[in-house]
Structures are given as C-alpha cells and as structure tokens.
Amino acid sequence: MQTEFIQLIVILGAMGALLIVMGSICIKGKLPMNSLVGIRLPATTVSEEAWVAGHKAAGPYVIMGGICSAAGAAAILLFPTLDPPTLASITAAGVVLFIVVAAFVASGAAKRESLSE
C-alpha cells in the first residue's frame, strides 16, 4: 500500500475518532462555551443554556459524521483495489453532510431553549 493511502487512512481514522469523542461530550452536555471547539452560531452563543441545548441535540449527528469518517478509513484499508481518492471524497461528503445537519439541529434546539427562558 502506498504511503499516501496510509496517511489518508490515519487522517480519516483520527478525524472519525475525534468526532465520535466530541459528539459524546456534546450529548452529555459537558462541552462548555469556549473559543476552540463547538458549533458557534448566533443561536447557540446567546447563552450557556442555548449552547448546551444545541450541542446536546447536535451530538448524535457529530457522532454519525465520525462513524462515516472511520468507515471511510476502513473501506480504504479493506478494499485497496477500489480507488482510494474516490472513497475519500465520498467519505468527506458524508462527514460534511452530517456536520451541516448537526449545525441546523443545534440552531433549532438553541432557539427553542432561548424561547423557553
């Protein structure tokens, strides 16, 4: 296997693991407002409560993005005869889709939380 494909597997696998861990932290409501990690939208940054509500709602989609990334890494590893750049592109599209959905879900949940305050 070529070095570039090994690097691709490592990057996709690490990104998948990171997203799964971050999604789990979000679901538990343990991600405080910060300047490094999180879904920063006008609705989620209104208050700490809106931030937590948005991230709890988005957590499952972030985890699904992580699973998609890890699955892409596994597919490249297990099916080397398939075109790895194509598999990586499909994987990236799936991850982006889940993260965009997570942002929409987070925004909606944060807005609902803000209205209930």
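Side notes on the structure shown:
So that you can scan it fast, the table gives a plain yes or no per residue for (1) surrounded by 14 or more Cβ atoms within 10 Å (Cβ to Cβ); (2) touching a Ser or Thr at 6+ places or on another chain (Cβ under 9 Å); (3) farther than 22 Å from LYS111 by Cβ:
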position	(1), (2), (3)
LEU8	yes, no, yes
VAL21	no, no, yes
LYS28	no, no, no
LEU36	no, no, yes
VAL46	yes, yes, no
LYS56	yes, no, no
ALA71	yes, yes, yes
LEU77	yes, no, yes
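- Number of positions in the stretch 12-34 that are under 18 Å from ALA50 (Cβ atoms) and in a helix (DSSP H, G or I): 3
- For the stretch 1-46, a residue qualifies if it is in contact with a Lys or Arg (Cβ under 7 Å, 6 or more places away or on another chain) and not aliphatic (A, V, I, L, M), and the qualifying residues are CYS26, GLY29.
- Yes/no for PHE104 being without any contact (Cβ under 8 Å) to a residue 24 or more places away in the chain, within 14 Å of the chain's Cα centre (by Cα) and surrounded by 12 or more Cβ atoms within 10 Å (Cβ to Cβ): yes
Read the figures in this text as sums done on the coordinates, not as results from a lab. As the structure is a computational prediction, the values presented were derived from the model and not from experiment. Heads up, the Cβs are rebuilt from the backbone with ideal geometry, glycines too, and the neighbour counts pull from every protein chain shown.
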